[in-house]
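One structure is given below, encoded as structure tokens.
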Amino acid sequence: NVPEDQADKLLLASWGLPKGVLEKYHSLGVVQMFEWQAECLMLGQVLEGRNLVYSAPTSAGKTLVAELLILKRVLETRKKALLILPFVSVAKEKKCYLQ
């Protein structure tokens, strides 16, 4: 569980994302994340580029964790990232969304 003194970590606005990115998430109704998602982001040195392996049921929110890690890393390092998705339809959706 996320410690009470870090409950603000559930809010997307707490992760240093640019205003435009936050506005896009907010327009889709995503203002905060589940506790397990915040826990993933707070593990060890994940935000510094360390590996993370996590598992959750379909539609549980795994993609949000991956997107936040990718976005933060790309914005901070100005390097490219490779996002591999399982279906063409999902890839097209994410392409439009992330532009």
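Quick notes on this one:
A quick yes/no check of all residues on (1) surrounded by 10 or more Cβ atoms within 10 Å (Cβ to Cβ); (2) modelled with pLDDT of 90 or more; (3) not basic (Lys, Arg):
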| residue | (1), (2), (3) |
| --- | --- |
| Ala38 | yes, yes, yes |
| Val53 | no, yes, yes |
| Val65 | yes, yes, yes |
| Glu76 | yes, no, yes |
| Leu83 | yes, no, yes |
| Ala91 | yes, no, yes |
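- Residue match in the stretch 39-62 (condition: part of a helix (DSSP H, G or I), aliphatic (A, V, I, L, M), within 22 Å of Cys96 (Cβ to Cβ) and within 13 Å of the chain's Cα centre (by Cα)): no
- The one condition in (1) more than 14 Å from the chain's Cα centre (by Cα); (2) surrounded by 12 or more Cβ atoms within 10 Å (Cβ to Cβ) that His26 fails to fulfil: (1)
- Among the conditions (1) touching a Lys or Arg at 6+ places or on another chain (Cβ under 7 Å); (2) open to solvent by less than 70 Å² (accessible area, probe 1.4 Å), the only one that Gly44 does not satisfy is (2).
- Restricting attention to the stretch 3-23, the residues that are touching a residue at least 24 places away in the same chain (Cβ under 8 Å), open to solvent by 40 Å² or more (accessible area, probe 1.4 Å) and under 17 Å from Val74 (Cα atoms) add up to 2.
The values are calculated or read from the model by the stated rules, or taken from the named source; none is laboratory data. Keep in mind that what you see is a predicted model, and the values were worked out from it rather than measured. Note that each Cβ is placed from the backbone with ideal geometry, even for glycine, and that neighbours are counted across all protein chains shown. Side chains are part of the model used for accessible areas, which takes the heavy atoms of the whole protein and leaves out ligands, DNA and RNA. Shrake-Rupley method; radii C 1.70, N 1.55, O 1.52, S 1.80 Å.
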